[in-house]
Every structure is written in C-alpha cells, then in structure tokens.
Amino acid sequence: MALLMMILRKMAKNKWLQLNLWFGLTVCVALFSSMPLYSHAILQRTLYKELQLLQSRESVYPGFIRISTTVASAKADEETAKRIAQADRFVRSIPERTGLEALSFYQQRFTQRLKVYGADASEQEIRAQNTAGGFKALSDMEKRVRLIDGRMPADRTDGVFEALVTQKFLLAVKRDLGEELIAQSMQDERIRFRVIPVGIMETAPEADPYLPYLTDEISDGFLIPFEQFEREFTKGGKLAISALEWRYALDIEQLSVDKIDAFVAADRDIRRYFKGRFGVAEVNIPATATAAAYQGKQSKLDIMMLALYAPVMIMLVFYLYMVADLIIERQKTEIAVLRSRGASRLQITGIYAFESLLLGLGALAAGPPLGVLFTKILGATNVFLSFVQRSALEVALDVGTYKVAALATGGAVLLILIPALLATRVSIVGRKQEMARMTKMPFWHKTGLDFIFLGAAVYLLYNFTRRQEDVKRLALDAADLQIDPLLFLMPAVFALGAGLLVLRIYPWVIRLVYMAGRRWWPPALYYSLVQISRSSGQYLTIKMFLVMSVATGLFSANAARTINDNMESKIRYAIGADMVLMTRWENDAPAFSGQMVPQQGQSGAGLAGPRRIQYAEPPFEPFRELEGVESVAKVFRKEDAMFVSKGGETGKITLLGIDTKAFGETAWMKDGLLDHPINRYLNLIAPNPRAVLISRSIADAAGLKPGDPIRIYWEGVSQVQFTVYGIIDYWPTWNPLPQREGTGDERLAKPQLIVGHLGTIQKRLALEPYEVWLKLADGVSSQQIYDQLMQKSIKIVSLRDAKQELILSRNEPFRLAINGVMTLGFVISMLISFFGFLIFWMLTLSGRTLQYGVLRAMGIPYPQMIGMLVSEQALTSAAAVVIGVWIGNLTSDLFVPLFEMSFAAAEQVPPFEIVRQLSDYVQLYAIVGFTLAVGLLILAVRLTRIRIAQALKLGEE
C-alpha cells in the first residue's frame with residue numbers, strides 16, 4: 001500500500017506530463033481499435049447497400065432461397081421416400097448453416113402430369129380433351145392462398161381428393177366447382193384418381209410479404225392438403241413424384257461480414273447435397289454472388305488501414321517516447337540515487353512498470369470508445385479534409401476490438417518503459433558525467449538507423465518503379481482499386497530516414513554558421529548558435545517530431561488529393577459530360593437480326609453486302625427544354641469505321657461526329673492534355689464542314705499531317721473524303737493507350753480516332769443513332785433530370801451519370817479508408833505536434849531556469865532574452881518545419897506516382913499526375929504557425945515570471 005501511495009504521489013507531482021502521456025496512450029489505443037471497427041462497419045454498410053441494390057434491380061428479396069429438383073425415379077418407392085425425408089431435414093438446417101433466421105418458409109411436392117377430364121365426359125370428349133395437370137402440395141396452404149370462390153379442401157380417406165385449382169385451369173377442363181374430375185396417368189390408363197375441385201385460389205401477397213406463393217407460376221394441377229399428399233404419394237407410392245421444391249426467406253439484415261463465410265459455405269453445401277441426389281437440381285440464392293465478393297475484404301482492409309495508419313503510428317511512437325523520456329529525464333537523478341542506495345534495476349523498473357500499467361489501464365478504458373468516435377469520423381469523410389452528412393456507421397464494441405486494444409496497450413506500455421529501463425543502468429557518478437557532457441551522439445545516429453531506413457525505402461522504391469514500368473508496358477488490367485499497403489508504409493520510412501539524415505548533418509551546418517559570423521552575431525543569436533551546436537542531441541527528438549509531422553501531413557494531403565483527383569478525372573473523362581444517354585431510334589431492321597454488325601476489313605465501296613438499316617431520328621428539342629440543363633450536344637460514335645490515307649494505308653478507327661459549338665459548351669476536358677485548349681481545336685475545324693482532327697496514332701502510322709486528305713467509310717457506306725486540320729493526343733471519352741487486341745493476345749494495338757462534323761457525317765455518310773450529352777447547371781440533381789425524362793416519355797436505351805458514378809466511387813470502402821484515415825491522421829498529427837511542442841519547450845525552459853537567471857543577473861535585458869528564445873525557436877522548430885516541408889514534397893514526388901499501379905494501366909486516362917492543393921499548405925502552415933506563436937507566447941510569459949534570486953538560490957541547492 002505504501003508503494004502504491006508513493007507511486008501515486010510521484011505521478012501527481014508530474015501530473016501534466018502524466019496526463020499528456022495518458023493522452024498519447026489513449027489515442028494510440030483508439031487508432032488500433034478503430035481499424036477492426038471501421039473495416040467491419042464500412043463493409044457491413046456497403047454489403048447492405050449492395051443487397052438493397054440487388055433487390056431493386058432484380059425485384060427479388062436478397063434473403064430468398066429456392067431449391068428445386070426433379071425426381072428421376074419412375075415410381076415412388078420406400079427408398080425415394082427415405083431420401084425425401086432426409087432432404088427435408090437437410091433443408092430445415094439451412095438457417096442454422098447460414099447463421100440467419102428464417103422469416104418465411106414453404107415447400108412443395110409435385111407428381112407427374114396426368115390427363116384431366118370430367119367424370120361424366122363422353123368418349124369423344126375424353127379424346128378431344130388436352131388438359132393435363134398433376135397433384136401438388138404446399139405446406140401451410142391455408143395461410144398462403146386466397147380463396148375467391150369455394151372452400152378449403154378436406155383431407156379425405158375415401159379415395160376422393162378435394163383440391164384447390166386456379167380459374168384458368170378450371171376453365172380449361174370445362175367444369176365447375178364441385179363437379180368430379182378424373183386424373184388419368186398418361187402411361188397407364190388403369191391408374192386413375194377421382195378429384196373434386198372445391199375452391200378457386202389466387203395469389204395472396206399480403207399473406208407473406210417476403211415469400212408470397214404465386215399461384216400463376218404453375219397454374220395447372222390440383223393443390224391438395226400437404227399431409228394427404230405425403231400419405232398417398234410420398235409414402236403411399238400411388239403415383240410417382242416428379243419434382244420437389246423448398247423456398248426460404250432468410251433475415252438478410254442478419255448477414256454480417258462475420259457470417260459471409262458461413263453463408264457462402266452453406267450455398268456450396270446445398271449445391272453439393274442436391275447435385276444428382278434426385279435428378280436435375282436448381283439452386284437459386286441471389287445474395288451469394290454479392291456476399292462472396294466480400295470474402296477476404298475485411299482482412300485486406302485491415303492491412304490497408306494498418307499501412308495507412310503507419311505514419312500516424314510513427315508520430316505516436318515519437319510522441320510517447322518523447323514524453324516518457326522527458327518524465328525520466330526529470331527523475332534520472334532520483335533513479336541514480338536509488339541505485340546508489342542498493343535498489344536493483346528490477347525494483348526500479350517495476351515501479352515504473354506499475355506506473356505505466358496504471359496509465360495503460362486508463363487508456364484501455366477510454367481508447368475503444370474514442371475509437372468508435374474515430375470510426376464515425378472516418379465514415380463521414382467524403383474526400384480529404386471534407387465531411388458530409390451521410391448516415392452514421394453502425395459501430396459496436398466487441399471482444400475482438402478489446403483484444404486489439406489490449407495488444408496496443410501492451411505494446412505502448414513496453415515502449416514508454418524503455419527510457420526508464422535505460423536510466424536504471426546509470427549510477428550516480430554516471431549521471432553526473434552525463435549532465436556534464438551534453439554532446440553525446442543520439443542512439444538513432446549511433447546505430448545508423450537513418451541509413452537503414454533510407455536504404456530500405458530506396459530499395460523498395462526501385463522495385464516498385466520497375467513493377468510500374470512493367471504494368472505500363474504490358475497494359476495489365478486491374479479489376480478495381482487495389483492499393484498495395486507498402487505504398488503507404490514506404491513513404492513514412494523514407495521520411496523518417498531522410499529526417500534523421502538531415503538532422504545528422506544539421507548541427508554541422510549550425511557550427512559553420514556560427515564560425516562564419518561569430519564576430520558579428522548579436523548576443524541573442526550568438527547564444528542560440530552556441531547552445532544548439534553544443535547540445536544538438538537535446539533537440540533531436542522535438543525536431544524529428546516536427547519533421548515527421550509536417551512531412552507525413554504533406555504526403556497524406558498530396559497522396560489523398562492525387563488519388564481522388566485521378567479517380568474522379570478518370571470517371572469524368574470516360575463519360576465526357578455530366579450525363580450521357582442514348583435514346584431509342586425507330587428503324588427498319590428485321591426483328592430477328594437486330595442491328596447490322598459490320599465485318600472488319602470490308603469496304604463499303606462497290607461491294608454488295610447486307611442492306612443498310614434506315615433510322616428515323618427522334619425529336620431533339622425535348623432535351624433542350626429540360627430544366628436545369630445548361631447545354632446539350634449530339635455526339636455520334638462509330639467504333640468500327642475505317643480510314644484510307646493518301647498513301648493507301650487503311651485501318652480501323654473510332655469516328656466521332658460533333659457540333660463544334662454545342663460540344664465545346666457541354667463536354668468536360670481536363671486542362672493540359674492537349675497542346676492547346678480544346679476550344680481552339682474546335683474553332684480550327686468549325687469553318688470547314690470537311691475538316692477533321694486525327695489522333696497522333698493515325699498520323700504516325702499513316703504519315704499524315706495537317707492539310708492531307710483522308711477518306712472515311714464503314715460497311716455499307718461509300719467512302720467520303722475529308723481534310724486533316726489538326727492532330728490530337730486526347731479527346732473526351734477516347735482512350736489512346738495501347739490495348740490488347742483480343743483475349744489471350746499478347747499484341748498491343750494503338751487505338752485510332754477521327755473527329756469530324758456531325759452534319760457532314762449524317763449527310764455524306766449515314767444517319768445513325770447518336771449520343772446526347774448534357775451539362776447540368778450547378779445545384780441540379782440527377783433525379784430532377786430523370787423525372788423530366790420520364791414525364792416527357794423519352795425512351796432511354798442507355799445512360800451514364802457522372803455525378804452518380806462519382807458518388808459510388810467515393811463510397812467505395814477502400815477509398816473511404818484512404819480519405820478517412822489520411823484526414824484523421826493529418827488532424828491527429830497536428831494535434832499531438834501542438835501538445836508535444838508545448839511540453840518539450842515548457843520543460844526545457846523549466847530545466848534551464850538557473851541559466852536564464854544567471855543571464856538576467858549578468859544584465860541581459862528582457863528583450864534580448866526574448867530574442868534568444870525566438871532565435872532558438874527559429875533554428876530548431878522553424879528549421880524543422882522547413883526541413884519537414886522539403887522532405888514532404890520530396891517524398892510526394894518520389895512515392896505518390898507509384899499509386900498509378902493501383903489502377904488499370906490500360907485505362908489510366910487522363911495520365912496520372914501529382915496533385916497539390918494550396919489550401920492544404922495554407923492549413924499546414926497556419927497550424928504550425930499557430931503552434932509556434934502560442935509556444936513562444938507561453939515561454940515568454942514563463943520567462944517574465946523567473947525571479948533572479950529564486951533562480952540563483954535553486955543553483956546553490
């Protein structure tokens with residue numbers, strides 16, 4: 001108890017330092033806790049949204065399961081009945097296998113089809129009657145069908161079957177309710193059954209909203225009580241069973257990311273069980289494909305987030321180590337005295353371990369709830385440093401989260417014990433020697449960690465650069481955004497190594513500056529140069545802390561901006577405008593043939609081919625009348641047109657026909673892709689209806705230049721001559737990158753493009769369907785346009801909406817993680833930098849009270865004392881910020897381009913480029929400037945409160 005009280009009093013003595021150390025531990029635990037919380041929550045939300053989309057797209061409840069199988073056995077024997085009972089038991093276990101509760105369930109049985117006629121039918125009527133139907137049974141029949149006439153059938157044992165029928169079937173047999181029918185086997189006329197229809201049924205949607213029984217799916221036949229069917233046919237064997245069916249509606253809201261493996265495995269088990277067991281089986285579980293796509297995503301996202309958090313974690317390591325070291329630095333003399341009086345290293349370490357454990361328990365209590373807050377912030381991030389009011393992520397703490405938090409706490413506690421463990425090695429004599437020698441080389445430089453980190457980062461950079469060249473050369477594809485976690489870890493390691501290397505050199509630079517002007521430096525600057533050059537190791541931690549804060553903050557900002565800008569530019573470029581749609585054109589194409597498919601390599605001149613389809617252009621004026629549309633353009637696209645150059649070279653091209661004025665007002669084009677602004681090219685060809693722009697691939701292949709003639713045609717269309725007016729490298733929607741010519745083909749083909757006047761193409765070549773490009777006014781939603789299109793009854797064949805595709809892209813889990821973590825990391829880095837800066841300088845000032853007192857006693861005026869502080873801050877903190885900016889920009893230049901590997905090389909248009917936004921630099925400089933200003937203000941106030949007599953008395957003691 002006495003030991004505990006001693007530890008608590010010691011912690012209270014350094015309460016502000018302990019509080020800051022607890023703050024760092026808590027943030028560390030919160031960050032680690034947020035990783036599994038975020039990956040689970042965001043994947044759960046996107047999974048649920050995709051299941052909702054599945055329901056709206058295919059009009060099927062995502063939890064729907066349908067198992068149907070034919071029964072190959074020609075007769076109902078005991079073995080078949082046994083296997084059916086086993087199948088029933090297996091199906092009943094499906095909810096348990098999937099981990100989802102059943103909202104609804106029913107099963108059906110079907111016999112072979114029978115010839116049906118009235119019991120009083122004549123021989124002639126029997127021969128003429130072609131109506132057929134079998135017996136069928138439905139579990140819970142009374143609850144699932146609606147009677148529109150008659151009553152429910154009774155389970156009779158006198159050989160007569162009462163049944164429900166549909167109105168359609170009753171009309172087909174030409175009898176009324178209550179009139180006896182005969183159901184006769186088509187293979188054996190001796191097998192007959194007496195059936196009395198007692199009720200007419202129809203679908204009752206309100207009976208089961210999840211799994212309604214649709215009477216019109218199989219409208220013929222007799223629906224009899226399930227128990228009677230089982231007794232007479234399944235077990236009784238009076239008629240062969242032809243098919244079995246089971247249907248479930250599972251509670252899909254219970255399908256969490258944790259249950260995906262069980263759900264997919266259950267689907268696999270169901271298919272394996274029914275394959276060949278009875279006959280031909282069909283298993284329909286629509287949610288499986290969507291769920292299977294999420295298998296393994298959580299582990300990948302966890303790894304991704306760990307890599308994303310790496311720079312922040314390094315910052316936290318510096319922060320925790322710095323604060324722990326400052327605490328131990330103030331207590332080193334006390335530790336040395338304890339060692340000199342017989343205390344063992346283990347005993348002293350145990351005291352600090354218990355102290356750290358108390359802080360760790362506090363962090364473990366507060367960290368996970370703070371992690372929940374971090375997770376919600378991540379979920380609300382739209383792009384870097386931008387938040388939106390989207391629905392909050394559903395986050396819940398579980399055992400797994402606390403396990404991760406406990407591991408993080410344990411690692412952090414061990415980290416902050418390192419300074420204490422190192423301090424226990426020093427005796428009282430060694431401590432006095434340390435205090436007299438302040439020029440000892442820091443551990444980081446003594447072990448050469450700067451060279452190790454830089455070497456590792458440069459080696460990985462070299463390997464990634466080679467991989468990037470291979471990706472570009474081979475035009476490899478990528479299914480979606482697949483960020484390599486090392487792309488985030490490498491820059492942090494590089495920044496750390498570069499920062500340590502620069503700070504290894506920096507003291508020598510200070511010495512050179514001091515030597516160069518020591519005769520002329522004013523006292524304040526002279527003092528600061530001497531202090532920093534002689535005690536460089538004292539400032540290494542804070543300088544490295546600031547360097548890492550600024551460098552990683554800039555890299556995070558540049559990386560996030562670059563990824564977001566390139567992904568969004570790619571979407572906008574690929575679509576070409578805010579909205580692109582194609583309407584239905586009436587034509588004279590035969591119904592069986594569809595649109596004519598041109599044969600590559602055939603000329604339209606002088607060759608007899610299939611008749612060209614004639615199209616009727618729909619009205620265009622309704623698009624101009626749409627409210628909220630700034631401009632609208634017609635864009636004709638022919639993917640399989642051909643060209644012939646003056647030298648006879650020919651090739652397949654993409655032909656675009658445009659109205660230059662409307663196209664320039666509507667299309668989206670990124671600046672810098674062309675040698676001149678796109679409107680200059682449009683103005684160039686506008687006066688001449690036969691003027692065209694050609695891609696550089698055509699110019700290089702055919703040796704064409706402006707002024708040369710070129711002929712264009714496609715199958716069924718005669719050649720028409722145009723004139724080349726310009727050469728372009730890019731054009732909205734056109735991908736100039738080499739593409740594989742076919743599946744399994746290693747050869748790469750350069751796409752070719754010609755842009756001409758739509759009017760000339762329609763008059764001289766052919767009138768064919770064109771796209772309609774829309775540019776929307778600011779603030780106009782896509783839904784407003786959709787509603788107007790529906791009101792005008794415009795028949796849309798295809799539609800691409802840039803705004804909606806951008807929203808989908810921003811909601812992609814991996815992109816949300818990048819933006820969210822980088823935003824959170826940037827904010828946390830700046831926050832802990834502020835606290836770390838204040839703690840370091842306040843303790844430094846407190847430790848140099850005697851020194852400042854002596855200077856004041858020597859007659860140094862207060863303004864010069866402030867000048868000393870400003871000079872010291874400028875040569876340490878401000879210099880570290882400048883170094884951090886330089887290293888951050890260098891890291892961005894070297895590593896941000898590697899993110900291009902995360903996209904399909906053959907689809908990366910526009911080209912990948914680094915994006916730097918001025919606002920990020922302004923925010924960074926503002927935060928750092930505010931930190932330095934507040935720090936100087938606090939230090940100046942503390943300096944004014946130093947009393948000379950008290951300081952000198954402290955020195956005597």
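The values are calculated or read from the model by the stated rules, or taken from the named source; none is laboratory data. Because the structure is predicted, anything quoted here is derived from the model rather than measured. Using ideal geometry, Cβ is built from the backbone for each residue, glycine included, and neighbour counts are taken over all protein chains shown. Just so you know, the surface numbers come from the protein's heavy atoms only, side chains and all, with ligands and any DNA or RNA stripped out. Shrake-Rupley method; radii C 1.70, N 1.55, O 1.52, S 1.80 Å.
Residue by residue, here is whether (1) under 42 Å from the mean Cα position of the chain (by Cα); (2) surrounded by 14 or more Cβ atoms within 10 Å (Cβ to Cβ) holds:
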| residue | (1), (2) |
| --- | --- |
| Asp675 | yes, no |
| Leu684 | no, yes |
| Ile694 | yes, yes |
| Asp700 | yes, no |
| Leu704 | no, yes |
| Asp708 | no, yes |
| Tyr713 | no, yes |
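Once region 344-356 is narrowed to residues that are among the hydrophobic types (A, V, I, L, M, F, W, C) and either at pLDDT 90 or above or open to solvent by 20 Å² or more (accessible area, probe 1.4 Å) (or both), the residue that is farthest from Met5 (Cα to Cα) is Leu346.
Look at (1) small (Gly, Ala, Ser); (2) at pLDDT 85 or above; (3) under 37 Å from the mean Cα position of the chain (by Cα) and you find that Ser242 fails only one, number (3).
Does Ala457 satisfy being buried (at least 19 other Cβ atoms within 10 Å of the Cβ) and either at pLDDT below 75 or over 22 Å from Ala30 (Cβ atoms) (or both)?
Numbers: buried (at least 19 other Cβ atoms within 10 Å of the Cβ): yes; either at pLDDT below 75 or over 22 Å from Ala30 (Cβ atoms) (or both): yes.
Criteria met by Ala457.
The single residue among Arg696, Arg680 that is among the basic types (Lys, Arg) and either without any contact (Cβ under 8 Å) to a residue 12 or more places away in the chain or at positive phi (or both) turns out to be Arg680.
For region 123-139, a residue qualifies if it is among the charged types (D, E, K, R) and without any contact (Cβ under 8 Å) to a residue 60 or more places away in the chain, and the qualifying residues are Glu123, Glu125, Arg127.
Applying the condition of being of a type in the set (Ser, Thr, Tyr) and more than 40 Å from the chain's Cα centre (by Cα) to region 615-648 and asking which residue is least open to solvent (accessible area, probe 1.4 Å) yields Ser645. Number of residues in region 407-423 that are buried (at least 16 other Cβ atoms within 10 Å of the Cβ) and within 28 Å of the chain's Cα centre (by Cα): the value is 1.
Okay, residues lined up against (1) outside any loop (DSSP other than H, G, I, E, B); (2) touching a Pro at 6+ places or on another chain (Cβ under 6 Å); (3) of a type outside the set (S, T, N, Q):
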| site | (1), (2), (3) |
| --- | --- |
| Gln295 | no, no, no |
| Ala310 | yes, no, yes |
| Val337 | yes, no, yes |
| Gly350 | yes, no, yes |
| Leu393 | no, no, yes |
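Is region 875-897 home to any residue that is assigned to a helix (DSSP H, G or I), open to solvent by 50 Å² or more (accessible area, probe 1.4 Å), touching a helix residue (DSSP H, G or I) at 6+ places or on another chain (Cβ under 8 Å) and over 22 Å from Leu924 (Cα atoms)? Taking every residue of region 875-897 in turn, none turns out to be assigned to a helix (DSSP H, G or I), open to solvent by 50 Å² or more (accessible area, probe 1.4 Å), touching a helix residue (DSSP H, G or I) at 6+ places or on another chain (Cβ under 8 Å) and over 22 Å from Leu924 (Cα atoms). When region 486-533 is filtered for residues that are in contact (Cβ under 8 Å) with a residue 60 or more places away in the chain, polar (S, T, N, Q) and either outside any helix (DSSP H, G or I) or open to solvent by less than 20 Å² (accessible area, probe 1.4 Å) (or both), only Ser528 remains.
Just give me the residues in region 109-130 being out of contact with any Phe, Trp or Tyr (no Cβ under 8 Å at 6 or more places or on another chain) and crowded, with 16+ Cβ neighbours inside 10 Å, in sequence order. Spell out the reasoning first.
Here is the first cut: in region 109-130, the residues out of contact with any Phe, Trp or Tyr (no Cβ under 8 Å at 6 or more places or on another chain) are 112-113, 115-124, 127-128, 130.
Matches in region 109-130: Gln112, Arg113, Lys115, Val116, Tyr117, Gly118, Ala121.
Check Gly859 against each of (1) open to solvent by less than 60 Å² (accessible area, probe 1.4 Å); (2) more than 30 Å from Trp668 (Cα to Cα); (3) part of a helix (DSSP H, G or I) and name the one condition it does not meet. Evaluating Gly859 over (1) open to solvent by less than 60 Å² (accessible area, probe 1.4 Å); (2) more than 30 Å from Trp668 (Cα to Cα); (3) part of a helix (DSSP H, G or I) leaves (3) as the failure.
Looking at region 362-388, which of its residues are small (Gly, Ala, Ser), in a helix (DSSP H, G or I) and at pLDDT below 75? I'd like the intermediate steps shown before the answer.
Of all residues in region 362-388, those small (Gly, Ala, Ser) come to 362-363, 365-367, 371, 379-380, 386.
Checking which are in a helix (DSSP H, G or I) leaves us with 362-363, 365-367, 371, 379-380.
If the condition is that a residue be small (Gly, Ala, Ser), in a helix (DSSP H, G or I) and at pLDDT below 75, then Gly379, Ala380 are the ones that fit.
Which pairs turn up if I take residues in region 254-267 that are closer than 11 Å to Thr288 by Cβ and look for partners that are surrounded by fewer than 19 Cβ atoms within 10 Å (Cβ to Cβ) and of a type outside the set (A, V, I, L, M) with beta carbon separation below 6 Å, at least 6 apart in sequence or on another chain? These pairs meet every condition: Ile260/Gln295; Ala266/Arg97.
Mind listing whichever residues of region 335-365 are among the charged types (D, E, K, R) and either closer than 20 Å to Ile839 by Cα or touching a Lys or Arg at 6+ places or on another chain (Cβ under 9 Å) (or both)? Scanning region 335-365 gives Arg339, Arg345, Glu355.
Could you look through region 389-402, keep only residues that are out of contact with any Lys or Arg (no Cβ under 8 Å at 6 or more places or on another chain) and surrounded by 12 or more Cβ atoms within 10 Å (Cβ to Cβ), and pick out the one that is modelled with the lowest pLDDT? Restricting to residues being out of contact with any Lys or Arg (no Cβ under 8 Å at 6 or more places or on another chain) and surrounded by 12 or more Cβ atoms within 10 Å (Cβ to Cβ), the top hit is Arg390.
Taking the conditions (1) of a type in the set (A, V, I, L, M); (2) within 24 Å of Val580 (Cβ to Cβ); (3) in a helix (DSSP H, G or I) in turn, Leu673 satisfies each one other than (3).
Contact annotation: residue pairs with Cβ atoms under 8 Å, 6 or more positions apart or on different chains, pairing a residue in region 643-666 that is basic (Lys, Arg) with a partner that is in a loop (DSSP other than H, G, I, E, B), are Lys646/Leu704; Lys646/Asp708; Lys652/Gln600; Lys652/Gln752; Lys661/Ala686. Scanning region 927-957 for residues that are at pLDDT 80 or above and exposed (fewer than 12 other Cβ atoms within 10 Å of the Cβ) gives Ala933, Leu937. Any idea which of (1) open to solvent by 30 Å² or more (accessible area, probe 1.4 Å); (2) at pLDDT 75 or above is the one Leu359 doesn't satisfy? Unmet for Leu359, out of (1) open to solvent by 30 Å² or more (accessible area, probe 1.4 Å); (2) at pLDDT 75 or above: (1).
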